[in-house]
1. How do the pairs read when you match residues in region 244-268 that are on the phi > 0 side of the Ramachandran plot with residues anywhere that are part of a loop (DSSP other than H, G, I, E, B), using Cβ under 7 Å and keeping only pairs 6 or more apart or on different chains?
2. So Q280 fits all but one of (1) modelled with pLDDT of 95 or more; (2) surrounded by fewer than 24 Cβ atoms within 10 Å (Cβ to Cβ); what number is the exception?
3. Step by step: first the residues of region 283-299, then only those that are of a type in the set (A, V, I, L, M, F, W, C) and either in the same structural domain as W139 (by TED's automatic domain parsing) or in a loop (DSSP other than H, G, I, E, B) (or both), then the one that is surrounded by the most Cβ atoms within 10 Å (Cβ to Cβ). Which residue is that?
4. Exactly one condition in (1) part of a loop (DSSP other than H, G, I, E, B); (2) farther than 18 Å from T316 by Cβ is not met by D196; state its number.
5. I'd like to know if region 10-21 contains one or more residues that are assigned to a strand (DSSP E or B) and modelled with pLDDT under 70.
6. Looking for whichever is buried (at least 18 other Cβ atoms within 10 Å of the Cβ), more than 18 Å from the chain's Cα centre (by Cα) and not hydrophobic (A, V, I, L, M, F, W, C) here; the options are E219, E262, E255, E250. Which one fits?
7. Scan region 142-172 residue by residue and report those that are in a helix (DSSP H, G or I) and either farther than 22 Å from D207 by Cα or in the same structural domain as L283 (by TED's automatic domain parsing) (or both).
8. Restricting attention to region 84-109, which residues are closer than 18 Å to I304 by Cβ and surrounded by fewer than 24 Cβ atoms within 10 Å (Cβ to Cβ)?
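The values are calculated or read from the model by the stated rules, or taken from the named source; none is laboratory data. These figures come from a predicted structure and were not determined experimentally. Quick reminder, even Gly has a Cβ in these numbers, built from the backbone with ideal geometry, and neighbours come from all protein chains shown.
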Amino acid sequence: MAGPFDLGPDSGDDSKSSGQDGVSVSEQQPPGWPDGPLLSVEALAELLQAGDVLVFDCRFDLAHPRQGYQSFLSAHIPSARYADLDRDLSGRITRHAGRHPLPTARAFAAFLARSGYEHGGKVVAYDAHGGAFAARLWWLMQYFGLGGTAVLDGGIGAWMAAGSTLEAGEQAIPKTPSPRLQARPELTLGSADVADAIAGDDILLLDARAANRFQGEDETIDPVAGHVPGARNRPFVSNLGDGGRFRSPEALRSEFRRILGEHSPGEVVHMCGSGVTACQNLLAMESAGLHGSKLYAPSWSGWISDPGRPVAIGTT
């Protein structure tokens, strides 16, 4: 994985919000869809053969933003559309919203329309980075009230290892009507929420960045090193096993239960550098059956936009 790997909302990064403990973000699923957020290579192949799925290639490189698209043009899963992190899965950057703000409902609907999405259809996202970017698309679909989305377990690497077909180039895509979307703010926390919560013990803040960035030893992306005081480090790569596939739901559940301690899943808030790799931790908890956690979308890059906010260095 080349380049720095850790990657805020238009609805307002300081908005207050609350959610129900134990409620899955993947509530609205089409008939026959898997219970969890992950899909196997074999299941995707069957869906493609039936012509019953829309596939998104979410490969991206923070250090070289065009690299993901170039990789897509060279080879991708048949019929896949490309979803660009900066252009399609993020919104306009504002002062306190972080490096990858959430897109507006209108912007995300326009992206789905030009991708040929049909409301209620099945969607599968993949990348080459352990689901770190694909999970952002998966989470945005839930955030805007759309079910029927899964992440390909193992990504394009697993697809290729199975000897499955690839295609190159980019095909013309028939545009579909824009879906009518409405954001679900109860799935997020803003900076003001986080600042209030860390003063007590109301939430468990899990940071998906690599340990050296979390500890403030080697900040390669943002202008300030360290982490939000009280946050716990849970690098998203910890969720992966052999071949870049997610560890079993049982293993993930056991590990997250240990991390959560007395906290319920609904008290967990995920963050990273800019609200992208955090979605992979959130997806891992969903896969483990631990529902109801939230996203702090501005994440570290949004937190440090206010120089008055506290910063911690080290392991705690």
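1. If the second residue must be part of a loop (DSSP other than H, G, I, E, B), the pairs left are G244/G130; G244/G154.
2. (2)
3. Looking only at region 283-299, we keep the residues that are of a type in the set (A, V, I, L, M, F, W, C), and these are 283-285, 288, 290, 295, 297.
If we keep only those that are either in the same structural domain as W139 (by TED's automatic domain parsing) or in a loop (DSSP other than H, G, I, E, B) (or both) as well, we get 288, 290, 297.
Numbers: A288: 23, L290: 22, A297: 32.
Per the stated criteria, the residue is A297.
4. Only one criterion is unmet by D196, namely (1).
5. Applying the first criterion (assigned to a strand (DSSP E or B)) to region 10-21 yields none.
Looking through region 10-21, none of the residues is assigned to a strand (DSSP E or B) and modelled with pLDDT under 70.
6. On the way: E262 fails: buried (at least 18 other Cβ atoms within 10 Å of the Cβ); E255 fails: buried (at least 18 other Cβ atoms within 10 Å of the Cβ); E250 fails: buried (at least 18 other Cβ atoms within 10 Å of the Cβ).
None of the other options fit; the residue is E219.
7. From region 142-172, those in a helix (DSSP H, G or I) are 142-143, 155-161; that's our starting set.
Those that are in a helix (DSSP H, G or I) and either farther than 22 Å from D207 by Cα or in the same structural domain as L283 (by TED's automatic domain parsing) (or both): G155, I156, G157, A158, W159, M160, A161.
8. Scanning region 84-109 gives I93, T94, R95, H96, R99.
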